[in-house]
Amino acid sequence: MKPLEGLLVLEFAQFMAAPTAGLRLADLGARVIKIERPVKGEAGRQIAIRNIFVDGSSLVFHTINRNKESYAADLKDPEDMERVKKLIAQADVITHNFRPGVMEKIGLDYDSVKAINPRVIYGVVTGYGTKGPWALRPGQDLLIQSLSGLAYLSGTNADGPVPFGLATADMICGAHFVQGILAALIKRAKTNASVLVEVSLLESVLDMQFEVITTYLNDGGKLPQRSSVKGNGHAYLSAPYGIYQTQDNYLTLAMGDLQKIGNAIGCNLSAYPDKEQWFDNRDEIMSLLADKIKTKNTANWLEILETQGIWCSEVLTYKEALQHEGYLAQGIKQEVSLPDGSSLSTPRCPIRINGERLYSPIAAPRPGQQTEVINTQFALI
């Protein structure tokens, strides 16, 4: 039995952040019902990566909405709204990520929902919170990366802002959302009362940068100083931290004793005996290491460095990583069965419960696929 079995979650949410939280709750055993527009469903069904669509919806929609059900309802229609309210009265959690004011306008704001269900956990995802000059701006991942300072942590000091190649804000916000919901469920178990949970994309990305923002706030307001040498992975960490080109590929060096690393690869770094120099002279040191590392191939360096306990690795592509024994040993790949009889491959939930991996082979639903069943099961009509 999964830990959240018996929990009913209604997801009035679209795109990625809130549905990602719903995915994780479903993986953990909750019954997650998406409340969607009739026929077309939520707008995220049409947001595609590489323009790939599966069973009428985008592939990215399938990756974050598997193992859920879909209930079609026009929230502007009084009869549909009445059925939705009956469903809310029986739910444990409802989530949404509409802009501030939308749920108030249709009568499903927190106070209204709490009046229907005094024990409900009411979860809200916004872009920037509900107050302030940005409250009504679009809460989109790249915009959040740009407004949070995140884009100035990658690349070199010769680059402009460099965004992450992932929906970073959405994903970390979804994780925070799950944490808040689970904490609220524990509080409700103690108080038997409703709890309001609110997260925003902006706050999540700022929190994700807690170590570097804390450094900035306590270091005289000095901005992150990216290296001028390509491959440095952290604006605030000293040499040798970074990725270096080898004779045939790339090599990663993590934190470690610089003198030990220099001796191992035959690079004279005696001019930098003090750890303070390893940051102040980061670019010089990295350039010296880079010149030396180019003289051998990656396998040679791994053999030399790993035998001395130096933290290092090769740099793998998806093709290489997903065929590696280190990946295969995790059992991370799962097959999801689609309504047309085909299947798609996707990663499983990364959490294990009592040693058991959590797999969920049920595909994302078609818009309104479970409406009739839900109407019957919950006596909505």
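Could you check the stretch 343-359 and list, in sequence order, the residues that are in contact (Cβ under 8 Å) with a residue 24 or more places away in the chain and among the hydroxyl-bearing types (Ser, Thr, Tyr)?
Within the stretch 343-359, Thr346, Tyr359 meet the criteria.
Let me confirm something: among Ser112, Ser146, Ser154, which residue is surrounded by fewer than 16 Cβ atoms within 10 Å (Cβ to Cβ), more than 30 Å from Leu7 (Cα to Cα), out of contact with any His (no Cβ under 8 Å at 6 or more places or on another chain) and of a type in the set (Ser, Thr, Tyr)?
Ser146
Please find, among Thr95, Thr126, the residue that is of a type in the set (Val, Ile, Thr), closer than 16 Å to Glu11 by Cα and touching a helix residue (DSSP H, G or I) at 6+ places or on another chain (Cβ under 6 Å).
Thr95
Only residues that are loosely packed, with under 14 Cβ neighbours inside 10 Å and under 17 Å from Asn232 (Cβ atoms): list them for the stretch 255-274, please.
Across the stretch 255-274, the qualifying residue is only Met255.
(1) in contact (Cβ under 8 Å) with a residue 24 or more places away in the chain; (2) within 17 Å of Trp301 (Cα to Cα): which one isn't true of Ser200, the others all being true?
The one condition Ser200 does not meet is (2).
Among the residues of the stretch 100-129, how many are among the basic types (Lys, Arg) and touching a residue at least 12 places away in the same chain (Cβ under 8 Å)?
Residues in the stretch 100-129 being among the basic types (Lys, Arg) and touching a residue at least 12 places away in the same chain (Cβ under 8 Å): 2 in total.
Can you confirm whether the stretch 116-125 contains a residue that is over 21 Å from the mean Cα position of the chain (by Cα), crowded, with 16+ Cβ neighbours inside 10 Å, of a type in the set (D, E, K, R) and modelled with pLDDT of 95 or more?
no
So which helices (runs of 4 or more DSSP H) stay within the stretch 271-347 end to end and still have 1 or more residues that are touching a Pro at 6+ places or on another chain (Cβ under 9 Å) and hydrophobic (A, V, I, L, M, F, W, C)?
Answer list for the stretch 271-347: 275-280, 282-293.
Out of the residues in the stretch 215-234 that are buried (at least 18 other Cβ atoms within 10 Å of the Cβ) and in contact (Cβ under 8 Å) with a residue 60 or more places away in the chain, which is farthest from Asp159 (Cα to Cα)?
The selected residue is Asn232.
Can you find a residue that is surrounded by 14 or more Cβ atoms within 10 Å (Cβ to Cβ), under 24 Å from the mean Cα position of the chain (by Cα) and not assigned by TED's automatic domain parsing to the domain that holds Val113 anywhere in the stretch 195-202?
Checking the stretch 195-202: not a single residue is surrounded by 14 or more Cβ atoms within 10 Å (Cβ to Cβ), under 24 Å from the mean Cα position of the chain (by Cα) and not assigned by TED's automatic domain parsing to the domain that holds Val113.
Inspect all residues belonging to the stretch 368-377 and state whether any of them is surrounded by 12 or more Cβ atoms within 10 Å (Cβ to Cβ), in a loop (DSSP other than H, G, I, E, B) and either under 24 Å from the mean Cα position of the chain (by Cα) or not assigned by TED's automatic domain parsing to the domain that holds Ala13 (or both).
no
Tell me, yes or no, whether the stretch 162-181 has at least one residue that is surrounded by fewer than 14 Cβ atoms within 10 Å (Cβ to Cβ), in the same structural domain as Lys86 (by TED's automatic domain parsing) and touching a residue at least 12 places away in the same chain (Cβ under 8 Å).
Within the stretch 162-181, not a single residue is surrounded by fewer than 14 Cβ atoms within 10 Å (Cβ to Cβ), in the same structural domain as Lys86 (by TED's automatic domain parsing) and touching a residue at least 12 places away in the same chain (Cβ under 8 Å).
I'd like the full set of residues that are out of contact with any helix residue (DSSP H, G or I) (no Cβ under 9 Å at 6 or more places or on another chain), buried (at least 17 other Cβ atoms within 10 Å of the Cβ) and basic (Lys, Arg), limited to the stretch 282-302.
Arg282
If we scan the stretch 194-204, do we find a residue that is out of contact with any Asp or Glu (no Cβ under 6 Å at 6 or more places or on another chain), more than 30 Å from Val120 (Cα to Cα) and not basic (Lys, Arg)?
No, the stretch 194-204 has no match at all.
The values are calculated or read from the model by the stated rules, or taken from the named source; none is laboratory data. Owing to the predicted nature of the structure, the values given are computational and were not obtained by experimental measurement. Positions of Cβ are generated from backbone atoms using ideal geometry, with glycine treated the same way; all protein chains shown enter the neighbour counts.
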